[in-house]
1. Output ³J(HN,Hα) for the stretch 6-21: one whole-Hz value per residue in order, computed from phi by the Karplus curve 6.51 cos²θ - 1.76 cosθ + 1.60 with θ = phi - 60°, and x for Gly and Pro.
2. Around LEU115, with a cut-off of 12 angstrom between Cβ atoms, what is the net charge of the other residues, counting Lys and Arg +1 and Asp and Glu -1?
3. Just add up the charged neighbours of ASP40: K/R +1, D/E -1, any other residue whose Cβ is under 14 Å from the Cβ of ASP40.
4. Using a Gaussian network for the chain with springs between C-alpha atoms less than 10 Å apart, which of these wobbles most: LEU115, LEU96, LEU25?
5. Of the residues THR89, THR65, THR13, which exhibits the maximal mean-square fluctuation in a Gaussian network model of the chain defined by a 10 Å Cα contact cut-off?
6. Under 20 Å between alpha carbons, and skipping anything fewer than 8 positions from LYS140 in its own chain: which lysines qualify?
7. Straight-line reach from LYS61: which aspartates and glutamates have a Cα under 12 Å away, not including same-chain ones fewer than 8 places off?
8. For the chain, give the percent of accessible area contributed by carbon and sulfur heavy atoms, probe 1.4 Å, rounded to a whole number.
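The values are calculated or read from the model by the stated rules, or taken from the named source; none is laboratory data. Computed from a prediction, not measured in an experiment: that's the story for all the values here. Note: ideal-geometry Cβ built from the backbone for every residue, glycine included; neighbour counts use all protein chains shown. We work out accessible area using only protein heavy atoms, side chains counted, and drop any ligands, DNA or RNA first. Shrake-Rupley method; radii C 1.70, N 1.55, O 1.52, S 1.80 Å.
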Amino acid sequence: MSEIKIIEGGIFTDYRGQISHVNDLDMSEIARFYMIHHSDTSVIRAWHGHQAEKKWFYAVKGAFTTAFVKIDDWEHPSPDLKPEVFHLTANESRMLCIPEGYANGIKAEEPDSILMVFSNKILSEAVKDSWRYDPHLWMKWEP
């Protein structure tokens with residue numbers, strides 16, 4: 001069973017505009033956030049892992065294919081690991097919660113897509129726990 005959690009939100013629209021929310025997100029663990037803007041759908045941003053960092057992913061604009069692999073050996077991970085793949089879109093307000101011990105990969109499905117990422121580690125802690133692997137190691141990213 002996956003340790004990855006999906007936290008469903010909602011979208012409310014009336015004559016004043018739209019409100020997107022994920023009201024059930026507990027932000028008590030979050031130490032920072034950043035935005036990833038992918039203007040080009042051919043760019044693959046993968047694989048980046050952390051042994052001790054949790055992350056939360058939310059599509060602010062457009063849509064993304066996101067994939068996550070539970071790392072078995074940080075120095076020499078198995079090439080047979082199977083990624084869990086999720087599609088995030090700004091049209092559906094939901095958050096992916098990724099626990100420690102995973103490598104992540106993302107690819108925009110639409111031009112000018114924006115992904116908001118929350119982390120439970122400050123930047124100085126996160127950079128000391130940064131593992132990078134070949135983008136094509138565990139999955140074939142669709143064009």
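1. Along the stretch 6-21, the couplings run 9, 10, 6, x, x, 10, 10, 10, 8, 5, 7, x, 10, 10, 9, 8 Hz.
2. On the way: positive: ARG45, LYS55, LYS61, LYS107; negative: GLU109, GLU110, ASP112.
Summing Lys and Arg as +1 and Asp and Glu as -1 gives +1.
3. Numbers: positive: ARG45, LYS107; negative: GLU109, GLU110, ASP112.
Local net charge: -1.
4. So, out of LEU115, LEU96, LEU25, the one fluctuating most is LEU25.
5. In the Gaussian network model the winner is THR13.
6. LYS70, LYS82, LYS107
7. GLU92, GLU109, GLU110, ASP112
8. Carbon and sulfur atoms account for 52 percent of the accessible area of the chain.
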